[in-house]
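These notes are about the structure you will find just below.
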Amino acid sequence: MSTSLQQGLAAMIDKIDAPIASFFNSCVHCGMCADACLFYTETGDPKYTPIHKLEPLRKVWYREFTLEGRLLKMFGLAKAPTDAELVEWETLIYDSCTLCGRCSMVCPVGNDIVYMVRKVREGMVASGHAPAGLKEATVRSIEIGSPMGVTADTLRAQIKHAAKDTGLDIPLDKAGVDYLLLMSSAEIMQFPEFMGAAAQIFHQAGVSWTLSSTAYEATNSGMQIGSSELAAVLVKRIVDAAEKLKVKTVISPECGHAYTALRWEGPNLVGRPFTFKVKHILEVLDELRAEGKLRTEGLETERMTFHDPCQLVRRGGVHDQPRNLLRMVAPDYVEMEDAGNMNWCCGGGGGVSANERAEPLRIKVFSRKKKQLDKIGVSAMVTACSNCRNMLEEGLEHNHMDIKVLSLTELIAEHLAK
Amino acid sequence: MNSLKGIPIIKLDATPVMSHGNALPLLHEIEVLLDQLIATGKSGAIDLRSLPMLADDYEKLKEILGEGEVKATVDAMGPSQVRETAIHGVWWVTHFNSDATVLAEFIEITYIPEILQTHPADARMGLENLRSRLMSTSQVDKGETDV
Amino acid sequence: MSDDKTLAETLAQRGISRRSFLKFCASIASLMAMPPAMAVEMAEKLAAARRQSVVYLSFQECTGCLESLTRSHSPKLEDLIFDAISLDYQETLVACAGHFAEHILKEAIEKNDGKFILMVDGSIPLKDGGIYSTIAGRTNLDILEWVAPHAAAVIAVGSCAAFGGIPKANPNPTGAVAVSDIIKDKPIINVPGCPPIPVVITGVIAHYLTMGTIPDLDELGRPKVFFGDSIHDRCYRRPFYDQGKFAKSFDDEGARNGWCLFELGCKGPTTHNACATTKWNGGVSFPIESGHGCLGCSEPDFWDAGSFYTALSAPTKDVANWAAIGVAAGAAIGVAAGIANRSTKTETKRTRKPLTVDDLKGKPKS
Amino acid sequence: MNIFDILQWARGTGLQIAVVIFSVGVLIRLLEMWMLNRKPDLAEPRASGTLGGWRTVFTRSAPSMVLMKKAGLLLVSGYIFHLGFFIVLFFFAPHIRLFHNMFGVSWPALPNGIIEIITILSIGALFALLAHRIMNPVQRFLSTFQDYFVWLASLLPLLTGYLLLHTSDFSYSQMLTAHLLSVELLLVIFPFTKLMHAFTTFFSRWYTGAMAARKGVTV
């Protein structure tokens, strides 16, 4: 079988639930969500209004799940979205939405708009209207094990490097430990220092941990493209490894959507609660800090700020931990305007970074982050998401801004008390 | 409570004393009509019932116009009071029914209100009357002489 | 009973001067909101007029209208109008009876064919051939259809003649209708009220005598000068309405203070009549001044317009129970719709094929 | 059929029809929504979703300060209209009479003068909202026929109600009829338009608040 409009509509019907019906019943077309969306604020184009991106889903809901919609459908008056419409909406759904969820914070009637975008993607991918870049990344994730094509052998090679750099043992597939650390492809390939940093921290804290040769990839392209079925396949790998190794806690690395995929969607995707806990690396570090197992020395002299990864903070609830940790090492730490739950997205979340077609738009809307940064005048920006790091570095370079982008975990590791 | 007397009678002033603020515009209208009377000789009249007037408006109007020199009563199927106000040429005419209720009330701006003038038809009737009276008087006189 | 003398000549013999005419016309002009200057002209015309023949027919009625018109404690200025008309037939007042009375009616019609004013009080029953009200073996309908074509104009006196009134009240057992439902080709002046204000009838006749025309009528055929304003517009308690001060019961503080009776069911706002200005019983009072809300008697179907004691803003019919029925029906249909929605979902879930990685490789099928 | 007949119809049968359509429609809309259900959330929550849902039901009524500078006119007009409509509907003496008549409960009214001012403010706010809808590129882009129709249907009861207090220029019967018919129109279209948000907004907020609260986020 293959994808088709029918499959797409069926997927949307399958995913429409009571909250979605309530959201569509409630929308009064006030347009306030536009002002919360950086794709609208930075382009001024009304088509980027978040609620407008949901038009295909609204049509399906009205036609299938309201009495008058059903009646109109009988007379051929309530039309289902056409293939041409889905083609048009593909760019709105995938290129101009990072699933950042800022719109859901301001909606006066309380609609969780991004919750609906996530569901529309189910229909879009089932109807074959997903961006090529995301499709390829998803295929690689399922078939090779990572969206960037990282294999277990690549991982082993990186383990060797890190072990050498740090002089520490980096365990692989070690059963019965406290923590199973996941990585993102970006961390394995572009930011290999992360693995060493984690090893040093765990060593100092004296906790047992391991990596897995079958579940090293934390990212979930299946969720980004919007397919619950494919996302479940990827989550299942992690669940299997964690249960096989009998770990207490699985650590999601510095990646925003990976955390959402595993922590919040994970149990729902595989259809049962986990037998282990899922924590973000910053949650773990903050716990160690609170227990006195994480000790740092020396302070940064630079003026720094923290960029809140959307999936981690606004959609993940890890808000205070990064701030507690940053204060340990960065006395001149300032917040950006709208920091925390209302922070602006880097522009590349929700699979946008994997979608080459979206690049010009993504670069354009970085102007929002630039405005935020221009107001506080920092020389370094700390974050806790490799995808954010990539996007921020790209955007800063494009705008010729001399600001370093740092990983919070790596920053803490640099300051570990000897 | 066996009789009507058992029901207490409570007297209350149910009339809200208020003003529609119509006195002043009315006085300005009178001013215009009086000016017109002097310039063209044309009489004017204002029907006081055509405007919503409350007790305060009424009192204010009366107070400003004042009492004048002429007070006349016409008795034609119930009394009519005709009074010149302290403003010469402005008359206050009130028509009463035979049961003393007010039928109509006007401010007339004129040299002499119509109701005080004798109608030519009535004058003719008067003349006829006078003549018939004269006739009978002279007949009586004659008769007396005759007698 | 007609003569060639003018009204002035007739009345002068009884010592009624032209000043009385002027005074009468001044008060009529005031009553009918005509410019005061018109009074002089009207007086001249009235003085020169001949006596007007009037035929007065009574159908399904209670004689309250006639009582209202003729009952006065002392002769008054407005009674002048009775000198100005010749009431050629009125069943209740006519001295004779039986065939003689019928003969007088016939004679009146023939003598002033096309010139007399026809006054009607009472409604006309149509059900079962109109048998519910007959006079001398003829139905009211028959009599009306015989007399009306000979009249110059028709005055429908009282709410029954004007709108069907109480006989027409639900369920209208006699099939009562108004004069205007039957007579279509004559000018009809409706003077509704239960009973109507006598001076309004006087005014209408005076208008006809002096101007030779019928006054301006509203969409319900009522003279605008008397029925143009609502009771509410001219009510002395209006300021309390505007301040939101309402009596809540007939013996509370608000009622004693003379506050607005809206909440006690006063129909003043929707009732057009002159009660608040002309008042009743020689200008003594009118219902609201006596502490009771207006019943709305000069409006069509006032008897069926909900309780006299239900506020105008409240529904006239049971709404709460219908709302409850609506909720119950909505719940039933809603559950059915909910079940249908669920089956749509279940069926879709059952038939749709889960997405596989191969689907991402192929081209979309349209 | 004269104005008096229409008025009687509007006070009786018309109101019955409107109330039945309203209650049937609203119940259907709510049930077909509720019965779509939600899958139970299997992820271990950080905090109670139920409590968080209730919190958001209330907190989302406060204006979003983040948007105040961007959409101030929209927010302020929105508040004036909603509060004004609520006050006028529930605190005008004749309306209380209506509720008393239907449900047997009553409460103190506000003086007509205050109601009048609030009505004028609400009407003004509605026009400001319309102006915003027409001038603002986003709102103009989003607006459908329904948005303008619902705007008009919301305006008419306020406008006719206001004119009802000023009957010197208008016939009370005509205005009362127009007022009742406009209210009945509002009731009839209510379940089938975005007016439903008057009910569903609380559910939307609850769902959103609950989902966020489970993640430890206050929205």
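The values are calculated or read from the model by the stated rules, or taken from the named source; none is laboratory data. Just so we're clear, the structure is a prediction, and the values are computed from it rather than from any experiment. Here the Cβ is made from the backbone with ideal geometry for all residues, glycine too, and neighbour counts use every protein chain on show.
Which residue is modelled with the highest pLDDT, if the candidates are limited to segment D:62-95 and must be surrounded by fewer than 18 Cβ atoms within 10 Å (Cβ to Cβ) and outside any helix (DSSP H, G or I)?
Only one residue tops the list, namely D:A62.
With respect to the numbered conditions (1) small (G, A, S); (2) farther than 30 Å from A:L288 by Cα; (3) within 23 Å of the chain's Cα centre (by Cα), which one is the sole condition not fulfilled by A:S386?
The one condition A:S386 does not meet is (2).
Can C:A48 be described as farther than 28 Å from C:K279 by Cα, more than 12 Å from every other protein chain (Cβ to nearest Cβ), surrounded by fewer than 19 Cβ atoms within 10 Å (Cβ to Cβ) and small (G, A, S)?
No.
Among residues belonging to segment C:1-20 that are at the interface with another protein chain (Cβ under 8 Å from one of its Cβ atoms) and without any contact (Cβ under 8 Å) to a residue 60 or more places away in the chain, point out the one that is farthest from B:M77 (Cα to Cα).
If we take residues in segment C:1-20 being at the interface with another protein chain (Cβ under 8 Å from one of its Cβ atoms) and without any contact (Cβ under 8 Å) to a residue 60 or more places away in the chain, then C:A8 is farthest from B:M77 (Cα to Cα).
Which one is nearest to the other protein chains (Cβ to nearest Cβ), of the residues in segment C:190-230 that are under 13 Å from the mean Cα position of the chain (by Cα), outside any helix (DSSP H, G or I) and among the aliphatic types (A, V, I, L, M)?
Result: C:L220.
Tell me, which residue of segment C:231-245 that is at the interface with chain D (Cβ under 7 Å from one of its Cβ atoms) and under 30 Å from C:I28 (Cα atoms) is surrounded by the fewest Cβ atoms within 10 Å (Cβ to Cβ)?
For segment C:231-245, the residue satisfying everything is C:D233.
Name the pairs whose Cβ atoms lie under 8 Å apart, with the first residue in segment D:109-130 and more than 13 Å from chain C (Cβ to nearest Cβ), the second hydroxyl-bearing (S, T, Y) and buried (at least 21 other Cβ atoms within 10 Å of the Cβ), and 6 or more positions between them or separate chains?
D:A125/D:S77; D:L126/D:S77; D:A128/D:S77; D:L129/D:S77
Condition check ((1) buried (at least 24 other Cβ atoms within 10 Å of the Cβ); (2) in a helix (DSSP H, G or I); (3) of a type in the set (A, V, I, L, M)) across all residues:
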site	(1), (2), (3)
A:L77	no, no, yes
A:S104	yes, yes, no
A:R121	yes, yes, no
A:R140	no, yes, no
A:L155	no, yes, yes
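Restricting to segment C:22-33, count the residues that are outside any helix (DSSP H, G or I) and crowded, with 20+ Cβ neighbours inside 10 Å.
Residues flagged as outside any helix (DSSP H, G or I) and crowded, with 20+ Cβ neighbours inside 10 Å within segment C:22-33 amount to 1.
When you go through A:S379, A:S407 one by one, which is the residue that is within 17 Å of the chain's Cα centre (by Cα) and of a type in the set (S, T, Y)?
None of the other options fit; the residue is A:S407.
Does D:T160 meet the test of being of a type in the set (S, T, Y) and within 14 Å of chain A (Cβ to nearest Cβ)?
No: the conditions fail for D:T160.
So which residues in segment A:25-54 are part of a helix (DSSP H, G or I), in contact (Cβ under 8 Å) with a residue 40 or more places away in the chain and over 25 Å from the mean Cα position of the chain (by Cα)?
Within segment A:25-54, A:S26 is the sole residue that qualifies.
Taking segment D:172-219, which residues are part of a loop (DSSP other than H, G, I, E, B), within 7 Å of another protein chain (Cβ to nearest Cβ) and more than 24 Å from the chain's Cα centre (by Cα)?
If the condition is that a residue be part of a loop (DSSP other than H, G, I, E, B), within 7 Å of another protein chain (Cβ to nearest Cβ) and more than 24 Å from the chain's Cα centre (by Cα), then D:K215, D:G216, D:V217 are the ones that fit.
Conditions: (1) more than 16 Å from the chain's Cα centre (by Cα); (2) under 27 Å from C:G244 (Cβ atoms); (3) assigned to a helix (DSSP H, G or I); (4) at pLDDT 90 or above. D:I134 meets all but one. Number of the miss?
Among (1) more than 16 Å from the chain's Cα centre (by Cα); (2) under 27 Å from C:G244 (Cβ atoms); (3) assigned to a helix (DSSP H, G or I); (4) at pLDDT 90 or above, D:I134 violates only (2).
Quick one: is A:I113 of a type in the set (V, I, T), touching a helix residue (DSSP H, G or I) at 6+ places or on another chain (Cβ under 7 Å), surrounded by 17 or more Cβ atoms within 10 Å (Cβ to Cβ) and at the interface with another protein chain (Cβ under 10 Å from one of its Cβ atoms)?
yes
Could you tell me which of the residues B:T94, B:T137, B:T73, B:T110 is within 13 Å of chain C (Cβ to nearest Cβ) and farther than 24 Å from B:E29 by Cβ?
B:T73 is the lone residue from the list that is within 13 Å of chain C (Cβ to nearest Cβ) and farther than 24 Å from B:E29 by Cβ.
Which condition number in (1) of a type outside the set (A, V, I, L, M, F, W, C); (2) surrounded by fewer than 19 Cβ atoms within 10 Å (Cβ to Cβ); (3) modelled with pLDDT of 95 or more; (4) farther than 30 Å from A:P50 by Cα is the one that D:S182 fails?
It is condition (2) that D:S182 fails.
Might you check whether a residue that is more than 11 Å from chain D (Cβ to nearest Cβ), closer than 18 Å to C:P198 by Cα and of a type in the set (K, R) occurs anywhere in segment C:275-286?
yes
Can you name every residue in segment C:94-129 that is surrounded by fewer than 20 Cβ atoms within 10 Å (Cβ to Cβ), closer than 22 Å to C:F163 by Cα and of a type outside the set (K, R)?
C:L126, C:D128, C:G129
Determine which member of the set C:K224, C:K248, C:K279 is surrounded by fewer than 20 Cβ atoms within 10 Å (Cβ to Cβ), without any contact (Cβ under 8 Å) to a residue 60 or more places away in the chain and on the phi > 0 side of the Ramachandran plot.
The match here is C:K279.
Assess whether B:R124 counts as being touching a residue at least 40 places away in the same chain (Cβ under 8 Å) and either part of a helix (DSSP H, G or I) or buried (at least 20 other Cβ atoms within 10 Å of the Cβ) (or both).
In short, no.
Among the residues of segment C:324-336, is any within 7 Å of another protein chain (Cβ to nearest Cβ), surrounded by 17 or more Cβ atoms within 10 Å (Cβ to Cβ), within 39 Å of the chain's Cα centre (by Cα) and modelled with pLDDT of 85 or more?
yes
I'm told B:I112 meets every condition in (1) modelled with pLDDT of 90 or more; (2) surrounded by 21 or more Cβ atoms within 10 Å (Cβ to Cβ); (3) hydrophobic (A, V, I, L, M, F, W, C) except one. Can you identify the failing condition by its number?
In the conditions (1) modelled with pLDDT of 90 or more; (2) surrounded by 21 or more Cβ atoms within 10 Å (Cβ to Cβ); (3) hydrophobic (A, V, I, L, M, F, W, C), B:I112 misses (2) alone.
Have a look at C:A255, C:A247, C:A274 and point out the one that is touching a strand residue (DSSP E or B) at 6+ places or on another chain (Cβ under 9 Å) and hydrophobic (A, V, I, L, M, F, W, C).
One residue alone meets the criteria, C:A247.
Across segment C:35-85, which residue is modelled with the lowest pLDDT among those that are part of a loop (DSSP other than H, G, I, E, B), of a type in the set (K, R) and in contact with a Ser or Thr (Cβ under 7 Å, 6 or more places away or on another chain)?
Going through the qualifying residues, I end up with C:K76.
When you look at A:V60, is it in the same structural domain as A:L9 (by TED's automatic domain parsing) and assigned to a helix (DSSP H, G or I), yes or no?
yes
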